[in-house]
Each structure stands twice: as structure tokens, then as C-alpha cells.
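To start, the structure under review is shown below, and the notes come after it.
The values are calculated or read from the model by the stated rules, or taken from the named source; none is laboratory data. What you see is a predicted model, and the numbers here were worked out from it, not measured in a lab. Positions of Cβ are backbone-derived with ideal geometry, glycine not excepted, and every protein chain shown enters the neighbour counts.
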Amino acid sequence: MRIALYEPEIAGNVGAVLRLGACLGVPVDLIEPMGFAWDDKRVRRTAMDYIDHVVVTRHKGFDAFRETTGEARLILLTTKADRSLYEAVFEPMDILLFGRESAGVPAEVAAKCGLKLKIPTVPGVRSLNMAMAAGIAASEALRQLRLAPLPA
């Protein structure tokens, strides 16, 4: 299981997802360009020392990222999906893809995803914060697969 962020725009969100990846044992792929400099102190401030405990791979665009995914299923989390996260059956090699905070992913990227899911929310709200959505989706996938880290 991996988490991939498509052209993330907010350093704090990336830091929060890196901390999530460290805590859940899930590698994180960052698909460039990003909306901030990689050495932005806000990434480290949010990730804190957890950044040293997560596998992070940066990719020079979506095509470069796809060259590394092999047969893994790419699952897009999007408010535009018809199917709920909780109806999906996850596989160990799945990659959970999250789009830009302001615009998601372009149609051509969405078309390359094997599954599109949404996290159900109450009517009248736009969406969850991307980092929070990553936490919900990764936790559900790991719960199903029984891959969550065991308590010490």
C-alpha cells in the first residue's frame, strides 16, 4: 500500500501525510510540481521528526510516477466519484492517489485510475482536507487488509 499526492500545493498537508505514512508504515509518493519548495520549513514543522521514519519518493511528473507503479492498482480519492470508500475491497499493492487541494487531478489522470472512490460527507459541504482524507482512506484500506501496525 502506498499514498501518492498529485502536485500538492500546501506544505502543511504534505507534512501531515508524511507523518501519517510514518505512523502507519505506508510509503508516500510526491508527484511534482509541488506548490512550494521541498525544503519549505512548513513540511518539517508539520511532519516533525516523523519525516525520518517514512519512505518518500519524489517524481518529476505523473508519467514518471506511473513508470514506478507496475501492476499496482491506482485508486483515486475524489469528490466526483460515485462509489464510497466503504464499498471498496482493497488489495495490498493498491496506491491511494490524492489530487491537488484546489483542483484535484485532470481528467487524463483520472482516466488512468482503476478505481475512483469518495469519502461520504454530509450534504452541503465541499470536501475534507486532503491530509485528513488520506488518513481516513489509508486507515480503512489497512483495516480491511489487517496491515495496520500492531501496538507496541
I'd like to verify a number: residues in segment 31-54 that are within 14 Å of the chain's Cα centre (by Cα) and modelled with pLDDT of 95 or more, how many?
2
Give the residues of segment 25-35 that are in contact (Cβ under 8 Å) with a residue 40 or more places away in the chain and either over 23 Å from Phe90 (Cα atoms) or out of contact with any strand residue (DSSP E or B) (no Cβ under 9 Å at 6 or more places or on another chain) (or both), sorted by residue number.
Gly25, Gly35
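Which of the following residues is closer than 13 Å to Ala134 by Cβ and part of a loop (DSSP other than H, G, I, E, B): Val14, Val26?
Details: Val14 fails: part of a loop (DSSP other than H, G, I, E, B).
Exactly one residue qualifies, and that residue is Val26.
Please specify each residue of segment 86-122 satisfying the condition of being of a type in the set (Val, Ile, Thr), without any contact (Cβ under 8 Å) to a residue 60 or more places away in the chain and within 19 Å of Asn13 (Cβ to Cβ).
Kept after step one, since they are of a type in the set (Val, Ile, Thr), are these residues of segment 86-122: 89, 95, 105, 109, 119, 121-122.
In the following step, the residues that additionally are without any contact (Cβ under 8 Å) to a residue 60 or more places away in the chain were identified as 89, 119, 121-122.
Correct list: Ile119, Thr121.
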Which of the residues spanning segment 49-72 are loosely packed, with under 15 Cβ neighbours inside 10 Å and touching a Phe, Trp or Tyr at 6+ places or on another chain (Cβ under 9 Å)?
Thr57, Arg58
Any idea how many residues of segment 107-145 are assigned to a helix (DSSP H, G or I) and surrounded by 13 or more Cβ atoms within 10 Å (Cβ to Cβ)?
17
Given (1) among the aliphatic types (A, V, I, L, M); (2) surrounded by 20 or more Cβ atoms within 10 Å (Cβ to Cβ); (3) modelled with pLDDT under 95, Val28 misses just (3)
So Arg73 ticks every box in (1) modelled with pLDDT under 95; (2) out of contact with any Lys or Arg (no Cβ under 9 Å at 6 or more places or on another chain); (3) not aliphatic (A, V, I, L, M) but one. Which box is left unticked?
(1)
